[in-house]
Amino acid sequence: MLEKKNEKIIYEYDFGDGWEHAITLEKVIDDYEGALPVCTAGALSCPPEDVGGIRGFQEFKKAMKNPNHPEHEDYKEWVGEHYDPEYFDVDEINEMLQDDNFGVFEW
């Protein structure tokens, strides 16, 4: 559990693929009354579930960009036609974090 400013943890998502996220506590606000958790910044879209780690994600992005790639159509069917690896919307992330069905966060 993070309690002091600048404390960091590594959160591993999808153990099989080895995705690690560095999380840093930037500020402690004792009288904060807003919703928690909250995302303050970020970049890029998350990779699709079970894409195969960093190497698999790189291959996936190549295939998605190239309509002639042998796996292009399969990947499109798997993740949808409009997957954008550059997309990030902090407001959308915070809406998901406040959704009761989003998931359980245990630190």
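The values are calculated or read from the model by the stated rules, or taken from the named source; none is laboratory data. Please read all numbers here as calculations on a predicted model, not as lab measurements. All Cβ positions, glycine included, derive from the backbone under ideal geometry; neighbour counts span all protein chains shown.
The table that follows gives values for the structure above.
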| quantity | calculated |
| --- | --- |
| Residue satisfying all of: in the stretch 70-91; surrounded by 14 or more Cβ atoms within 10 Å (Cβ to Cβ) and more than 13 Å from the chain's Cα centre (by Cα); nearest to Val38 (Cα to Cα) among these | Tyr83 |
| Of residues in the stretch 4-25 being part of a strand (DSSP E or B) and in contact with a Lys or Arg (Cβ under 9 Å, 6 or more places away or on another chain), the one nearest to Asp50 (Cα to Cα) | Ala22 |
| Scan of the stretch 3-38 for residues that are at pLDDT 85 or above, surrounded by 12 or more Cβ atoms within 10 Å (Cβ to Cβ) and out of contact with any strand residue (DSSP E or B) (no Cβ under 6 Å at 6 or more places or on another chain), ordered by number | Glu7, Leu25 |
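Conditions (1) outside any helix (DSSP H, G or I); (2) among the hydrophobic types (A, V, I, L, M, F, W, C), marked per residue:
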residue: Val51; (1), (2): yes, yes
residue: Glu59; (1), (2): no, no
residue: Met64; (1), (2): no, yes
residue: His69; (1), (2): yes, no
residue: Trp78; (1), (2): no, yes
residue: Tyr83; (1), (2): yes, no
